[in-house]
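Readers should treat all values here as calculations from the given coordinates under stated rules, not as data from a laboratory. Bear in mind that the values here come from a model prediction, so they are computed numbers and not experimental data. Positions of Cβ are generated from backbone atoms using ideal geometry, with glycine treated the same way; all protein chains shown enter the neighbour counts.
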Amino acid sequence: MTSRRRIKKEIDYAVSDLILDCITYTNLYHKPNDEDALQIVQDTLLMRNQLRNQANHPEQKDNSQTSKGYFDNIAKTLIEGVDSGYGKLGKLVKKDK
């Protein structure tokens, strides 16, 4: 079973990696105020806050759901959100080439 501490570290690691890549994109292409990249960062931070809140309060889960399933669902949401962010960032990079 994934511990609460471990899932919070995974959330922070994945989110910080995506944010760093967005900032690298803006610096590399000399677009410090690129609205699309800043929107990706904003959406990612909102997702991070929601997932951290879910991880901090597992008592909000459905009674039919086990703790393992609850944390697995958080991890699945994290992967989908980060993958979506990288997809949007990839489109920005392709557009600028």
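Spin-label pair K95-D72: with each label point 7 Å from Cα along the Cα-Cβ axis, the two points sit 3.8 nm from one another.
Using Cβ point charges alone (K and R +1, D and E -1), the dipole size of the chain about the Cα centre works out to roughly 240 debye.
For the chain, the number of Lys pairs with C-alpha atoms closer than 17 Å, counting only pairs eight or more positions apart or on separate chains, is 13. With contacts taken as Cα pairs under 8 Å and at least 6 residues apart, the chain reaches a relative contact order of 39 percent. A cut-off under 15 angstrom between Cβ atoms defines the neighbours of I40, and their net charge, with Lys, Arg +1 and Asp, Glu -1, is -3. With the Cα gyration tensor of the chain giving a ≥ b ≥ c as the square roots of its eigenvalues, does the rule (a/c under 1.5 for rounded; else a/b larger than b/c for prolate; else oblate) give rounded, prolate or oblate? Since a/c reaches 1.5 and a/b is larger than b/c, the shape of the chain is classed as prolate.
Across region 58-97, the fraction of Cα-Cα pairs farther apart than 12 Å, rounded to a whole number, is 66%.
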